[in-house]
Structure formats: C-alpha cells, structure tokens
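Here the structure comes first, spelled out in structure tokens, and everything after it is commentary.
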Amino acid sequence: MNSQVLVESIIGNIEKVIVGKRDVIKILIAGLLSRGHILIEDIPGLGKTMLVKALAKSINADFKRIQFTPDLLPSDITGVSIFNQHTSQFEFRAGPVFANIVLADEVNRTTPRTQSGLLEAMQEYAVTVDGKTHKLPDPFFVIATQNPIEYYGTYPLPEAQLDRFLIRVNVGYLPEAEEIKLLENRMAKDPMDDLKPVATVADVLALMEAAKGIRVHKDVLGYIVKIMNSTRSHPDIKLGASPRGSLALMNLAKTYALISSRDYVTPADVKEVAVAVTNHRIILHPSTLVQGKKPHDVMQEIIAKVPVPVEV
C-alpha cells in the first residue's frame with residue numbers, strides 16, 4: 001500500500017466519526033508524520049477530543065488524555081518516583097505522557113510551570129525525574145487544545161512555548177448540511193464504538209522514515225525563506241517567525257508531498273501549510289490588532305504577495 005492510499009484510508013476512517021473536517025484531519029495526520037506537535041485553538045464542543053481519539057484508534061496507537069486544571073502538577077504529567085518498602089528502592093511510576101498520542105486538553109487552563117513540564121517532554125522526547133532520564137514511546141505526538149485567551153481562567157502560552165508547536169489550527173463550526181449529518185450519525189449510537197484500526201504504529205513509523213527522503217529543490221527552499229523573511233519586515237508584524245518556523249514549514253511540506261505520492265516538494269505544498277505553520281509564530285503590532293486583523297489574515301496577505309517559483 002503506497003503512502004497516499006494509506007493516508008486516505010486513515011482519513012476515511014476518521015471521517016466515519018468526524019464529518020465535514022477533511023482539511024483538519026489531513027493536517028493532523030501530516031503533523032504526526034512530520035514528528036511535530038499540534039495546537040488546536042477553538043471554543044469547547046467542536047469535537048476536538050473526538051478527533052484525536054479517532055486518530056489514535058485508526059492507527060491502533062496507545063492514547064492518553066490529560067485534562068489540564070489549575071491544580072495540576074508537572075509530576076501528574078511526567079510521573080513520579082515512589083519508594084518501595086519491599087525492595088528499599090525508588091521505582092518510577094510513568095505518568096500519562098508515556099503514550100504514542102497524548103491529548104493535552106485545555107492546556108491553557110493550567111499554570112505556566114505545568115505547561116513547561118509538558119513542553120519539555122515535547123522537545124526532548126524524554127522526561128527526567130530524580131536525575132534519571134526516561135525515553136518516551138516512538139512515535140510520540142502531542143495534540144494540545146486551548147480555549148480562546150479571552151475566556152476566563154486561562155494562562156496564555158508564552159511565545160517561546162507556542163513556537164514549540166509545529167502548527168496551530170482551528171476546527172471551526174460545521175456547515176449546516178454537515179451538522180445535520182452529524183446528528184444523523186449519532187441518532188442511534190456513537191460511531192466511535194464501532195471504529196476499527198486501518199493502520200498500525202509500524203505503518204506510521206515507515207511513513208515518517210519515507211518523509212525524510214522527500215527532495216526539496218533549492219528554488220522551493222528559497223520560496224520558504226522568502227515567506228519567513230516577509231514576516232520579519234511586514235509593517236503589521238512586531239515579531240516575525242524564527243528559523244525554527246522555516247524548518248517546520250519545510251518538514252510539513254515534505255509530508256504533504258509524501259501524502260500526494262510524490263518524492264519532491266512543490267510550491268503548492270508550501271502554500272497549503274504555510275498559514276498553519278506560521279500563524280502562531282508571529283506577534284502583531286497593537287495598532288494592527290485594533291484594526292481587527294489576526295495573524296491568519298496577515299499571513300494570507302504575505303503568501304499572496306510572495307512570488308511563487310516555477311513548478312519544479
């Protein structure tokens with residue numbers, strides 16, 4: 001089974017549960033295959049948790065959900081050493097972060113200290129407790145959800161921590177016809193109960209390995225850098241994207257090429273994912289925010305203006 005067929009199979013399986021969100025599902029899978037982590041920002045009730053559960057079931061991956069609350073401690077995520085009276089030794093009890101797919105639900109409901117505990121695991125793919133390092137499973141994929149920052153009781157993620165996420169996406173409301181379909185699907189029972197795996201963790205690891213071999217022409221690399229440089233000089237942007245953003249854009253574009261059964265990246269791949277990669281890596285001027293503009297809007301303007309190289 002080639003990469004495109006396998007990914008389409010996973011997408012189709014998730015769509016048995018999540019209707020009308022094919023683009024979100026596709027970028028979620030691309031994030032997984034790029035060995036990145038995803039931040040989903042939206043209001044409650046739009047199916048974010050169900051989406052992540054459906055992905056985990058579809059690839060038969062170990063899944064854990066962590067509900068973030070103000071009293072959550074870093075050790076509640078990473079684990080803790082407990083003294084065993086029988087052996088007179090400390091034994092490590094792994095926390096819920098030890099899973100292939102971890103849903104960090106409402107990550108901005110907890111304190112910055114606890115947020116940092118999760119983000120360190122995301123960066124290092126390991127946790128250190130009492131001076132001993134414990135490797136996390138492979139693959140290790142975090143999908144964090146957060147409510148909009150204007151909601152009561154939130155601790156916004158600092159810019160340096162936001163930059164650790166490969167992409168930020170919104171789920172959004174369903175079109176009317178799709179919402180009717182959602183109600184019909186759940187009239188008798190929850191479709192999640194009958195969802196079966198269509199791939200394995202080994203399949204995912206093989207796709208990750210294949211993505212490393214995707215070629216990126218020098219002209220496409222130049223296109224990526226021009227987009228990022230534009231964020232650093234745009235009059236509406238106070239702080240532009242870092243070189244980590246350029247790497248993220250290249251890696252996600254490579255995964256999109258793989259999903260399309262190509263061994264090379266096109267400018268179209270870059271354009272497809274550029275907004276999701278950059279909209280959380282830029283800070284707008286206060287005067288721009290007053291005008292009602294959002295990072296998503298500014299990034300779309302930039303992408304529309306940067307010259308596209310000839311298809312390679």
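Relative to the Cα centre, the charge distribution of the chain, modelled as +1 at Lys and Arg Cβ and -1 at Asp and Glu Cβ, gives a dipole magnitude of about 560 debye. Taking a ≥ b ≥ c as the square roots of the Cα gyration tensor eigenvalues, the chain comes out rounded, since a/c falls below 1.5.
Largest GNM mean-square fluctuation across D263, D71, D219, computed for the chain with C-alpha springs under 10 Å, falls on D71. Exposure proxy ranking for M122, M50, M228, based on other Cβ atoms within 10 angstrom of each Cβ and starting from the fewest, stands as M50, M122, M228.
DSSP assigns beta bridges within the range 26-118; of those with both partners inside it, close to 55 percent run antiparallel.
In the chain, the DSSP beta bridges split such that about 40 percent are antiparallel, to the nearest 5.
Work out the charge dipole of the chain with +1 on the Cβ of Lys and Arg and -1 on the Cβ of Asp and Glu about the Cα centre, then indicate which of F141, F83, P44 is farthest towards its positive end. So the residue we want is F141.
The calculated 222 nm mean residue ellipticity attributable to helices in the chain amounts to -13500 deg cm²/dmol, summing -39500 (n - 2.57) over DSSP H runs of n ≥ 4 and dividing by all residues.
When the Gaussian network model of the chain links Cα atoms closer than 10 Å, the mean-square fluctuations of L166, L247, L28 top out at L247.
Sorted from greatest to least, the principal axis extents spanned by the alpha carbons of the range 87-142 come out as 39, 26, 16 Å.
Every read-out reported here was derived from the displayed coordinates using simple, explicitly stated rules and does not represent laboratory data. Note that the structure is a prediction, hence the values are computed from the model and not measured. Cβ coordinates were reconstructed from backbone atoms using ideal geometry, including for glycine residues, and neighbour counts include every protein chain displayed.
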